[in-house]
Amino acid sequence: MDDRDGKIWMDGTLVDWRDAKIHVLSHTLHYGCGAFEGVRAYKTAKGTAIFRLREHTQRLFDSAKILRMKIPFSFEQVMEAQREVVRANQLESCYLRPLTWIGSEKLGVSPKGNKIHLMIAAWAWGAYLGEEGLQRGIRVKTSSYTRHHVNITMTQAKSVSNYTNSILANMEATDDGYDEALLLDSAGFVSEGAGENLFVIKNGVVYTPDLSAGALNGITRNTIFAICADLGIKIVEKRITRDEVYICDEAFFTGTAAEVTPIRELDRLPIGAGQRGPITEKIQSAFFDIVNGRNAKYAEWLTLV
Ligand code: PMP
């Protein structure tokens with residue numbers, strides 16, 4: 001995706017897409033210490049708006065803090081830069097990818113003294129797990145890979161290196177013909193998808209793993225809490241076992257890229273009726289109303305570009 005027209009924001013300036021390059025001796029490329037975000041902008045009646053820009057920007061700064069990296073731009077500058085990238089590429093709806101990385105001044109595990117960089121790219125990106133997946137639900141496989149323990153590379157940072165675990169799990173699941181992987185934590189409890197948080201529904205109550213299972217504190221996950229409160233649906237964070245997922249009535253994944261994607265099968269066992277469930281559908285439709293600006297209550301979650 002490097003050969004296309006457009007602009008990428010790099011260290012404070014918009015550069016041509018094809019020129020947005022870094023040196024092969026960049027520290028992050030070798031040792032994996034870096035942090036990123038995945039953000040979406042949606043077309044609303046008032047114009048293109050970035051969903052929960054402040055929360056995504058805060059998580060980027062939090063991830064950098066956890067990794068002991070100091071982003072050399074202010075919070076307000078990084079918020080504004082994201083709006084600027086969407087405008088510069090004239091995108092009506094898109095995915096944004098801010099990423100902070102360590103420069104190439106020297107190699108060796110310690111990055112002390114190396115420059116910290118920041119880039120933001122934006123491009124049109126449809127349904128991450130497929131348009132059909134949003135309607136019919138996806139097929140998921142429990143991964144043979146364990147999710148990071150909370151004291152390994154820090155699970156609340158959306159850090160570059162954490163995604164090796166996600167890549168391995170996703171490749172294993174998709175090679176086996178599934179759409180996505182579900183990872184368990186080191187104690188065997190359900191954690192999250194390779195790039196999504198998990199929710200299950202049983203007897204009208206929504207459950208999601210608590211964050212001690214190593215799941216990322218998803219911004220979409222947080223949005224689901226607000227939606228459930230509005231719909232009068234009880235939602236509980238707790239430890240969840242793999243077989244609790246097998247016997248739940250409905251299940252879905254959430255994420256900025258994945259949005260609200262129903263799960264119709266886990267390990268070849270149908271979830272509920274083996275299709276998108278009615279509560280999932282209600283939550284999904286409330287989600288799309290909010291992100292597309294059709295719910296005035298959440299207008300402050302949308303930042304016009
Ligand atoms: N878990 C992982 C591992 C992810 O990569 C993502 C996507 N950022 C999520 C959960 C969901 O987070 P969010 O809703 O903030 O995109």
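Would you mind classifying the range 116-198 by shape? Square roots of the alpha carbon gyration tensor eigenvalues, ordered a ≥ b ≥ c; an a/c under 1.5 is rounded, otherwise it is prolate if a/b is larger than b/c and oblate if not. The shape class here is oblate.
Helix 162-175 and the longest principal axis of the C-alpha atoms of the chain enclose an angle of approximately 50°. Measuring against 30 Å, Cα to Cα, the residue pairs K43/K282; K43/K115; K46/K234; K46/K70 contain K43/K115; K46/K234; K46/K70 as the ones spanning a longer distance. The distance separating the Cα centre of the range 91-155 from that of the range 227-263 comes to 22 Å.
Return the lysines within reach of K7: Cα separation strictly under 17 angstrom, same-chain partners fewer than 8 residues apart disregarded; answer none if there are no such residues. The qualifying lysines are K21. Helix content alone sets the calculated 222 nm mean residue ellipticity of the chain: runs of n ≥ 4 DSSP H residues at -39500 (n - 2.57) each, divided across all residues, give -8500 deg cm²/dmol.
Quote the FRET efficiency, to the nearest 0.05, computed for N203 versus A296 with a Förster distance R0 of 45 Å and r equal to the Cβ-Cβ distance. All intermediate terms of the calculation are to be shown ahead of the outcome.
On the way: r = 32 Å, r/R0 = 0.71.
E(calc), rounded to 0.05, equals 0.90.
Can you tell me the 0 to 90 degree angle between the C-alpha axis of helix 53-66 and the longest principal axis of the chain, rounded to 10? Helix 53-66 sits at roughly 70 degrees to that axis. If R0 is taken as 22 Å, the Cβ-Cβ distance between E244 and N222 corresponds to a FRET efficiency of 0.50.
Residues within the reach of a label modelled at D175 (point 7 angstrom out along Cα to beta-carbon, backbone nitrogen below 16 Å), restricted to the range 228-269: there are none. Assign one of three labels to the range 7-123, namely rounded, prolate or oblate, based on the Cα gyration tensor with a ≥ b ≥ c the square roots of its eigenvalues; rounded applies when a/c is under 1.5, prolate when it is not and a/b is larger than b/c, and oblate otherwise. Prolate, because a/c is 1.5 or more and a/b exceeds b/c. By the rule of a C-alpha distance below 18 Å, with chain neighbours fewer than 8 residues away ignored, the lysines paired with K238 are K202. Annotation: the antiparallel percentage among DSSP beta bridges lying fully within the chain is about 80. Between helix 75-88 and the chain there is an angle of about 90 degrees, using the helix long axis and the longest principal axis of the Cα atoms. As a proxy for reagent exposure, ranking S166, S159, S74 by other Cβ atoms within 10 Å from fewest up yields S74, S166, S159. A simple spin-label model places pseudo-atoms 7 Å from Cα toward Cβ; at R18 and D289 they are separated by 4.7 nm.
Available extension along the chain between E131 and V236 is 34.9 nm, counting 0.36 nm per residue and deducting the alpha carbon span.
Based on other C-beta atoms within 10 Å, arrange L198, L53 from fewest to most.
Values: L198 26, L53 22.
So the ranking, lowest neighbour count to highest, is L53, L198.
Between E105 and R87, the simple label model (points 7 Å from Cα in the Cβ direction) yields a spacing of 3.3 nm. If the segment from I66 to K115 were pulled out straight at 0.36 nm per residue, it would be longer than the present Cα-Cα gap by 15.9 nm. When the Cα atoms of the chain are aligned to their principal axes, the ranges along those axes come out at 55, 46, 31 Å in descending order.
All of the numbers you see were taken from the coordinates with simple rules; none came from a lab. Because the structure is predicted, anything quoted here is derived from the model rather than measured. Heads up, the Cβs are rebuilt from the backbone with ideal geometry, glycines too, and the neighbour counts pull from every protein chain shown.
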